[in-house]
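The values are calculated or read from the model by the stated rules, or taken from the named source; none is laboratory data. All of these numbers come straight from a predicted model, not from anything done at the bench. When we count neighbours, we look across all protein chains shown, and the Cβ atoms used for this are built from the backbone with ideal geometry, even at glycine. What goes into the accessible areas is simple: the full protein's heavy atoms, side chains included, and nothing from ligands, DNA or RNA. Shrake-Rupley method; radii C 1.70, N 1.55, O 1.52, S 1.80 Å.
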Amino acid sequence: MTAAKTILEVEGLHKSFGDNTILKGVSLTLKEGEIKVLIGPSGGGKSTLLQCINCLVTPESGTISLHGNTVNLENKKELYQLRQRVGMIFQEFNLFDHLTALENVTIALRKVKNFSKVSAEKRARLELEQVGLGDKTDLYPAQLSGGQKQRVAIARTLAMDPEVLLLDEPTSALDPELVGEVIAVIKALAAKGMTMIMATHQISLISGLAQNVLFMENGVIAEQGSPKELLGAGKQTRTQGFCDRLSDLGEGGS
Amino acid sequence: MELSQFYQDLLPALNKGVIMSIALIIPSALGGVCIGIAAGSLRTYGPKFIRKLCDGYAAVFRGTPLVIQLFVLYYGLPNLGIYFSPYGAAVTGFMLCSGAYQSEYVRGALLSIKRGQYWGAQALGFSSFQTVFWIIIPQAMRRALHGCGNEIIYLIKYSSLAYIVTCMELTGEGNTIATEYFRFTEVFMMVGLYYLVLVSCAMLILKKVEQWLHVPGFGHQES
């Protein structure tokens with residue numbers, strides 16, 4: 001790997017809900033074009049970490065820096081800026097239910113980036129074609145399959161030209177036969193050099209895409225390293241044990 | 001066939017009354033919906049102080065009889081130097097009362113929108129206001145439509161209270177003829193019929209609005 005620029009830097013994130021501490025000081029650095037995969041048991045803090053990076057959930061302490069500039073989390077303008085530059089893909093898609101696929105993509109372009117109607121639609125059609133939904137632009141979320149919804153969600157986020165993409169278990173809510181189409185889109189993004197942090201249980205994404213695997217447990221990053229270091233034959237790591245159990249459950253059919 | 005003197009007096013009076021009723025109902029309904037959306041949104045998302053203030057408004061106007069509210073507006077406020085015409089007092093009272101009820105429907109609908117919709121917008125860089133205005137309210141509006149429509153239908157009927165602050169609408173005009181001729185049954189059955197027609201028209205309009213706002217996935221006519 002060449003010495004790429006650091007895009008995103010997260011330092012000492014803490015978050016608790018009531019007495020329940022979810023994140024106990026998580027730090028990570030993301031370089032341009034890098035793909036990190038977060039794995040670990042449920043409740044380990046993966047989703048909360050991603051939500052904190054996008055400030056959907058405000059961390060109690062810790063800093064988030066984009067291109068070396070620390071974001072002031074109290075300043076709403078800076079927050080909105082951060083969220084535009086760091087895209088988020090949710091497990092449950094979170095498409096806007098009252099808007100068509102096309103409008104789902106155009107609304108943020110028009111309201112947040114102040115595109116004209118015509119140029120927003122042009123951009124949106126382009127993004128939807130990229131994810132293979134050029135013929136579904138006028139359908140509402142209720143008329144789309146899970147895989148199609150997730151692809152619209154990806155198109156919607158990409159239309160904002162994010163520098164980093166956070167993916168929170170993008171395939172977990174999908175029927176098994178629909179997982180493939182979403183994985184194909186994510187792999188195409190990776191091939192284009194998109195910088196990503198992804199929480200996933202999909203073995204094919206972990207071993208195929210990740211340059212760096214972070215194993216999260218009890219609110220800390222317990223292990224990290226390349227897939228080879230953590231998942232190579234004969235390695236006695238916790239990551240290895242966890243992935244073996246995933247494979248035993250039959251999810252590793254890649 | 002020549003109508004009797006009674007009907008010759010009754011029908012023009014009721015027609016005049018129904019026009020006044022409509023003139024009361026339309027601004028009250030529109031104002032009520034606007035107040036309801038504003039108060040409902042503030043009660044759900046507003047800063048704490050404003051939320052409490054709006055809660056207080058809803059509690060007072062839902063918690064006291066409309067007749068009392070109209071009496072205070074028309075007979076009470078002049079003591080403080082605030083004068084309303086009968087029409088003004090009635091429309092103001094209806095708007096405030098209807099708005100309080102509407103705010104409850106709006107609030108319920110807003111709370112029923114899943115958090116994911118809010119997050120989806122936030123993650124794209126929407127401000128909180130933009131999220132509520134462009135994403136949450138359009139969805140909540142569709143959920144609240146049936147409740148709000150119901151409230152408008154109530155409003156049509158409680159508009160009959162305007163005549164007690166001397167605003168002569170349908171019920172008031174009917175009452176005058178009824179006491180003049182001492183024929184209560186016919187008069188009030190006719191008045192009832194007029195209200196039935198008004199409500200039927202309102203239901204028709206609401207049905208149209210519902211069809212116009214229909215989005216697949218927002219329940220009805222879906223298999």
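Return yes when A:Val105 is more than 13 Å from chain B (Cβ to nearest Cβ) and crowded, with 21+ Cβ neighbours inside 10 Å and no when it is not.
no
Which of (1) small (Gly, Ala, Ser); (2) in a helix (DSSP H, G or I); (3) on the phi > 0 side of the Ramachandran plot does B:Ser98 not meet, given it meets every other one?
Among (1) small (Gly, Ala, Ser); (2) in a helix (DSSP H, G or I); (3) on the phi > 0 side of the Ramachandran plot, the lone unmet condition for B:Ser98 is (3).
When you go through B:Ile152, B:Ile135 one by one, which is the residue that is assigned to a helix (DSSP H, G or I) and touching a residue at least 60 places away in the same chain (Cβ under 8 Å)?
On the way: B:Ile135 fails: touching a residue at least 60 places away in the same chain (Cβ under 8 Å).
The conditions single out B:Ile152.
Give the stretch A:62-74 a look and list any residue that's within 14 Å of chain B (Cβ to nearest Cβ) and either in contact (Cβ under 8 Å) with a residue 60 or more places away in the chain or within 19 Å of A:Ala108 (Cβ to Cβ) (or both), or say none.
A:Leu66
Criterion first (open to solvent by less than 80 Å² (accessible area, probe 1.4 Å) and out of contact with any helix residue (DSSP H, G or I) (no Cβ under 6 Å at 6 or more places or on another chain)) does B:Val191 satisfy it?
Considered against the rule, which asks whether it is open to solvent by less than 80 Å² (accessible area, probe 1.4 Å) and out of contact with any helix residue (DSSP H, G or I) (no Cβ under 6 Å at 6 or more places or on another chain), B:Val191 comes out as no.
Consider A:Leu73 against the criteria (1) open to solvent by 50 Å² or more (accessible area, probe 1.4 Å); (2) at pLDDT below 90: it satisfies all of them except one. Which criterion is unmet?
Going through (1) open to solvent by 50 Å² or more (accessible area, probe 1.4 Å); (2) at pLDDT below 90 one by one, A:Leu73 breaks only (1).
Regarding the stretch A:125-144, can at least one residue be identified that is under 26 Å from A:Leu66 (Cα atoms) and modelled with pLDDT of 90 or more?
Yes - at least one qualifying residue is present in the stretch A:125-144.
Within the stretch A:109-122, which residues are touching a Phe, Trp or Tyr at 6+ places or on another chain (Cβ under 7 Å) and either surrounded by fewer than 19 Cβ atoms within 10 Å (Cβ to Cβ) or not charged (D, E, K, R) (or both)?
Residues satisfying the conditions are A:Leu109, A:Val112.
Is it the case that the stretch A:202-216 has a residue that's modelled with pLDDT of 85 or more and surrounded by fewer than 21 Cβ atoms within 10 Å (Cβ to Cβ)?
Yes - at least one qualifying residue is present in the stretch A:202-216.
Tell me, which residue of the stretch B:123-132 that is on the phi < 0 side of the Ramachandran plot and at the interface with chain A (Cβ under 9 Å from one of its Cβ atoms) is surrounded by the fewest Cβ atoms within 10 Å (Cβ to Cβ)?
The initial filter retains those residues of the stretch B:123-132 that are on the phi < 0 side of the Ramachandran plot, namely B:123-124, B:126-132.
Filter again for at the interface with chain A (Cβ under 9 Å from one of its Cβ atoms), leaving B:123-124, B:126-128, B:130.
Working: B:Ala123: 27, B:Leu124: 30, B:Phe126: 23, B:Ser127: 16, B:Ser128: 14, B:Gln130: 18.
That would be B:Ser128.
Name the single residue, out of those in the stretch A:134-147 being free of Cβ contacts under 8 Å to residues at least 24 places away in the same chain and more than 13 Å from chain B (Cβ to nearest Cβ), that is surrounded by the fewest Cβ atoms within 10 Å (Cβ to Cβ).
For the stretch A:134-147, the residue satisfying everything is A:Asp135.
Inside the stretch A:93-102, can you point out the residues that are outside any loop (DSSP other than H, G, I, E, B) and either touching a residue at least 60 places away in the same chain (Cβ under 8 Å) or buried (at least 23 other Cβ atoms within 10 Å of the Cβ) (or both)?
A:Ala101
Evaluate the stretch A:75-92: report whether one residue or more is more than 12 Å from every other protein chain (Cβ to nearest Cβ), without any contact (Cβ under 8 Å) to a residue 12 or more places away in the chain, out of contact with any Leu (no Cβ under 8 Å at 6 or more places or on another chain) and not polar (S, T, N, Q).
At the first step, the residues of the stretch A:75-92 found to be more than 12 Å from every other protein chain (Cβ to nearest Cβ) are A:75.
Adding the requirement that they be without any contact (Cβ under 8 Å) to a residue 12 or more places away in the chain leaves A:75.
The next check asks that each one be out of contact with any Leu (no Cβ under 8 Å at 6 or more places or on another chain); those that pass are A:75.
Filter once more, keeping what is not polar (S, T, N, Q): none.
No, because not a single residue in the stretch A:75-92 is more than 12 Å from every other protein chain (Cβ to nearest Cβ), without any contact (Cβ under 8 Å) to a residue 12 or more places away in the chain, out of contact with any Leu (no Cβ under 8 Å at 6 or more places or on another chain) and not polar (S, T, N, Q).
How many of the residues in the stretch B:177-190 are over 26 Å from the mean Cα position of the chain (by Cα) and either outside any helix (DSSP H, G or I) or of a type outside the set (Phe, Trp, Tyr) (or both)?
8
Taking the condition of being more than 23 Å from the chain's Cα centre (by Cα) and on the phi > 0 side of the Ramachandran plot, how many residues in the stretch A:97-145 meet it?
Residues that pass the stated criteria total 1.
Among residues belonging to the stretch B:161-176 that are of a type outside the set (Val, Ile, Thr), open to solvent by less than 30 Å² (accessible area, probe 1.4 Å) and in a helix (DSSP H, G or I), point out the one that is farthest from B:Phe84 (Cα to Cα). Give the derivation first.
Taking the stretch B:161-176 as the starting set, the residues that turn out to be of a type outside the set (Val, Ile, Thr) are B:161-163, B:167-170, B:172-175.
Next cut, open to solvent by less than 30 Å² (accessible area, probe 1.4 Å) only: B:162, B:167, B:169-170, B:172-174.
Subset that is in a helix (DSSP H, G or I): B:162, B:170, B:172-174.
On the way: B:Ala162: 13, B:Leu170: 20, B:Gly172: 19, B:Glu173: 21, B:Gly174: 24 Å.
Within the stretch B:161-176, the match that is farthest from B:Phe84 (Cα to Cα) is B:Gly174.
So that you can scan it fast, the table gives a plain yes or no per residue for (1) without any contact (Cβ under 8 Å) to a residue 24 or more places away in the chain; (2) over 30 Å from A:Asp168 (Cα atoms); (3) assigned to a helix (DSSP H, G or I); (4) more than 14 Å from chain A (Cβ to nearest Cβ):
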| site | (1), (2), (3), (4) |
| --- | --- |
| B:Met20 | no, yes, yes, yes |
| B:Ser28 | no, yes, yes, yes |
| B:Arg43 | no, yes, yes, yes |
| B:Pro78 | yes, yes, yes, yes |
| B:Gly88 | yes, yes, yes, yes |
| B:Gln102 | no, yes, yes, yes |
| B:Ala121 | yes, no, yes, no |
